[in-house]
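Have a look at the structure below before the remarks.
The values are calculated or read from the model by the stated rules, or taken from the named source; none is laboratory data. In this text, all values refer to a predicted model and were calculated from it rather than measured experimentally. Methodologically, a virtual Cβ is constructed for each residue, glycine included, from the backbone with ideal geometry; neighbour enumeration extends over all protein chains shown. Ligands, DNA and RNA are excluded from the accessible area calculation, which covers all protein heavy atoms including side chains. Shrake-Rupley method; radii C 1.70, N 1.55, O 1.52, S 1.80 Å.
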Amino acid sequence: MTEALCIRLADEAATIRLGEDLALALKPGDCLALTGDLGAGKSTLARAFLRAMADDADLEVPSPTFTLVQSYELRIPVSHFDFYRMGDASEIDELGFEEALGLGICLVEWPEMAGDELPLSRIRLTLTQDGDGRLAVIEASEPQHSRIERVLAMRAFLAANGHAETPRRYLTGDASMRAYEYLPVENGERLILMDWPPLPESPPVLDGKPYPKVAHIAENAYPFVAIDHYLRENGFAAPEILAVDYARGFLLMDDLGQDGVLDADGEPIAERYLESARCLAALHAAPRPREIAVTADHTHRIPDFDRTAMKMEARLLIDWHLPWKRDGEPASDSERRAYEAIWDGLIDRLETAETHLLLRDFHSPNLIWRGRKSGLQRIGLIDFQDAMIGPTAYDLASLVQDARVTIDPALGARLMQAYLDERRAQAPGFDAESFAATYAIMAAQRNCKLAGLWVRLMQRDKKPGYMKHMPRTLTYLRTALAHPALTPLRDWCAEAGIGNLES
């Protein structure tokens, strides 16, 4: 069923903002049909849409009136059609409309000239003069309607917080449902807007609970804000949160910087990784939090990285990786029982391990290099909403065995040594030998999770790009399995054929 959204556009700038906002809502396969009289603003909106998609305010956008179609290889490919001079509706096949729609987004002016040839799922946007301004009516079915409505709600959130006219640009998405935009503001600075829609209902996986509750995955913005407050209060560089809509899942925050810990070729920069290791050691020397007040009526209690959560994550290897490795054949009951028993034994060994706050993904995508700062402020920290209390070695394993980039053994040894040196300086009685065994177990647990997660992202979530990390993940897993504490798991993996990079 089609639903309509009506938007009052006070001036030309408002029309441009609508085009920019729609560039954040549309996805491959969407057709945006622009209707309106000459001078109603169709070309203005189309130009703003394309420039926002290109993140280039000076992008040349010639009118396709005579060529009928102009194609752009952007973040999402866009084909801009103008059917005003088209002789017959059947010509859209010759223009490659279906192919363009299959590859990206089709932006269509004068869609009425195409008759019934456009897809029924098209988004209809009608522009009409309305006094000194314009009225835009957007008609769309699900899921396009929800996407557009959410983007417009984010614009209202920004308007309520002093940024009604600030441009918005796509920044990134991640393996979860979160997406990020940036807002260019004065003096070359920018703000970050996090879009965190509510998690959809998911089926129960254990004791009647869905996966996010069993694995302690954050379901709203409260945990993020809580951990952010803790980090900032203890001298770490986390974003300053400027505004939050907890109900809708919108967060506006400052930008810690645009430099990461990798070079232009995507290789690790040793100095920056070493600073990250020292930052992590400082975090583990800070007061250990448990409950953090977020608002006057909400306190976040940091969950434990408990046995259930550890096994749930490690089980991704046997649930997803093993069947993929065997062309769809699942693990046998005996293999599953043996795997579960091994992890019970390994987790038992963690009962006496040192615990503290785990940021959970302490690796290159979430580390910002702030070279002009000093001390702890040199490393910016983001993406910590799933933080738990658990073995401190977990986050070091995240860094030394970075899931997104290969850390060679020599650099890995330096990172480990830098961390241990800092910890010994903080506490002379720090037990490095016990820590090494915990590190190996946590590294194995994390890589078992990732080896299954990459397959799940590919098969279930249709995100095959993460599979490029599989060889590295398996290499890291084999490194972890070399520790004597992991002998049972190493033997199990050998019998199951996991850890072999030849396939």
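Some notes on this structure:
- Shape analysis of the range 63-108 places it in the oblate category; the axes a ≥ b ≥ c from the Cα gyration tensor give an a/c of at least 1.5, with a/b not above b/c.
- Other residues within the sphere of radius under 13 Å centred on the Cβ of MET1, judged by their own Cβ, net out at -3 (K and R +1, D and E -1).
- With R₀ set to 51 Å, the beta-carbon distance separating GLU142 from GLN377 gives a calculated FRET efficiency near 0.65.
- Residues whose amide H comes within less than 5 Å of that of VAL205, counting only those at least five positions distant or on another chain, are TYR211 (H built at 1.01 Å from N in the peptide plane).
- Helix 144-160 and the longest principal axis of the Cα set of the chain meet at an angle near 80°.
- Cα gyration tensor, the range 362-503 - rounded (a/c under 1.5), prolate or oblate: oblate
- Nearest-ten-degree value, helix 12-25 long axis tilted from longest Cα axis of the chain: 40 degrees
- Across the range 483-489, rounded Karplus estimates of 3J(HN,Hα) from the backbone phi angles (6.51 cos²θ - 1.76 cosθ + 1.60, θ = phi - 60°) give 6, x, 5, 9, 3, x, 5 Hz, Gly and Pro being marked x.
- Averaged per residue, the chain has 45 square angstrom of accessible surface, using a 1.4 angstrom probe with ligands and nucleic acids left out.
- If both residues of a DSSP beta bridge must be in the chain, then about 75% of such bridges are antiparallel.
- Computed from backbone phi, the HN-Hα couplings of the range 228-239 come to 4, 4, 4, 4, 5, 5, 9, x, 8, 8, 10, x Hz, rounded to whole numbers (Karplus: 6.51 cos²θ - 1.76 cosθ + 1.60, θ = phi - 60°; Gly and Pro given as x).
- Among the listed pairs LYS209/LYS463; LYS27/LYS213; LYS209/LYS325; LYS213/LYS468; LYS27/LYS463, a Cα-Cα separation exceeding 19 Å is found for LYS209/LYS463; LYS27/LYS213; LYS209/LYS325; LYS213/LYS468.
- Theoretical FRET efficiency, 1/(1+(r/R0)^6), r = Cβ-Cβ of GLU329 and LYS213, R0 22 Å, to 0.05: 0.15
- The chain: relative contact order as a whole-number percent, Cα under 8 Å and 6+ apart: 12 percent
- Residue-wise HN-Hα couplings along the range 241-258, as the Karplus relation 6.51 cos²θ - 1.76 cosθ + 1.60 with θ = phi - 60° gives them from phi, are 8, 9, 6, 9, 10, 5, 5, 8, x, 10, 9, 10, 8, 6, 9, 6, x, 10 Hz; Gly and Pro carry x.
- Sparse packing (at most 14 other Cβ atoms within 10 Å of the Cβ) combined with a DSSP loop state is found for the following GluC sites (Glu not before Pro) in the range 173-209: GLU189, GLU201.
- Only protein atoms count toward the accessible area here, which uses a 1.4 Å probe; on the range 348-503, the carbon and sulfur part of that area reaches 52 percent.
- Helix 42-54 axis, angle to the chain major axis (alpha carbon atoms, nearest 10°): 20 degrees
- Computed [θ] at 222 nm, deg cm²/dmol, the chain (DSSP H ≥ 4; -39,500 (n - 2.57); rounded to nearest 500): -12000 deg cm²/dmol
- Per-residue SASA entry for HIS363, accessible area with 1.4 Å probe, Å² rounded to 10: 10 Å²
- Alpha-carbon Rg with Dmax, taken over the chain, Å: 25.8, 84
- Taking all protein chains as they are arranged and a probe of 1.4 Å, the heavy atoms of SER63 leave approximately 80 Å² accessible to solvent.
- Using the Stokes-Einstein relation with a Kirkwood hydrodynamic radius computed over Cα pairs, the translational diffusion coefficient of the range 103-217 at 10 °C and a viscosity of 1.306 mPa s comes to 88 µm²/s.
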